Amino acid sequence: VQLQASGGGLAQAGGSLRLSCAASGRTFSSAVMAWFRQAPVKEREFVAAISGSGAGKSYAGSVEGRFTISRDNDKNTVYLQMNSLKPEDTAVYYCAADLKGSIGYSATWYRYWGQGTLVTVSS
């Protein structure tokens with residue numbers, strides 16, 4: 001599985017951005033997909049994840065109600081809609097995938113990673 005993230009950029013506080021992660025490979029619909037983020041001098045942290053079917057979703061408490069994860073298995077793409085952005089959302093965002101079938105909350109759970117995309121939120 002190869003992953004390609006895009007959609008990062010600069011937003012003002014209160015604004016919105018949508019990240020996309022395009023995946024290669026025929027196993028996409030079986031993969032749990034997740035978004036993590038890493039701010040400077042901080043550890044990589046879980047943001048959101050979605051099951052292969054899209055029926056199961058999980059969010060970090062810090063983004064619950066503001067971010068929405070979704071996927072389009074026909075397009076092999078997972079999305080992260082980010083609304084009501086805050087300066088503390090500033091980070092490099094990474095998409096990740098794993099085929100074990102359940103959602104994990106640690107970066108070590110995920111085998112496949114895309115390159116990061118930078119999100120900067122100004123106050």
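The values are calculated or read from the model by the stated rules, or taken from the named source; none is laboratory data. Fair warning: this is a prediction, and the values are worked out from it, not measured in the lab. Because the Cβ atoms are built from the backbone with ideal geometry, glycine has one as well, and the counts that use them run over all protein chains shown. Heads up: the accessible areas ignore ligands, DNA and RNA and are worked out on the full protein's heavy atoms, side chains in. Shrake-Rupley method; radii C 1.70, N 1.55, O 1.52, S 1.80 Å.
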## Note on the structure
The correct count of residues that are under 21 Å from THR27 (Cβ atoms) and within 11 Å of the chain's Cα centre (by Cα) in segment 37-57 is 3
### Odd one out for ALA11, checked against (1) in contact with a Pro (Cβ under 9 Å, 6 or more places away or on another chain); (2) open to solvent by less than 30 Å² (accessible area, probe 1.4 Å)
(1)
### Query
Restricting attention to segment 63-79, does a residue exist that is among the basic types (Lys, Arg), within 14 Å of VAL32 (Cα to Cα) and modelled with pLDDT of 95 or more?
yes
### Task
Can you tell me which residue among ARG26, ARG37, ARG66, ARG44 is closer than 29 Å to SER123 by Cα, among the charged types (D, E, K, R) and without any contact (Cβ under 8 Å) to a residue 40 or more places away in the chain?
ARG66
#### Entry: Test result for SER29, in contact with a strand residue (DSSP E or B) (Cβ under 9 Å, 6 or more places away or on another chain), open to solvent by 20 Å² or more (accessible area, probe 1.4 Å) and outside any strand (DSSP E or B)
yes
### Message
Are there strands (runs of 3 or more DSSP E) fully within segment 50-97 with at least 2 residues that are under 17 Å from SER20 (Cα atoms) and open to solvent by less than 20 Å² (accessible area, probe 1.4 Å)? List them.
### Response
67-72, 77-82
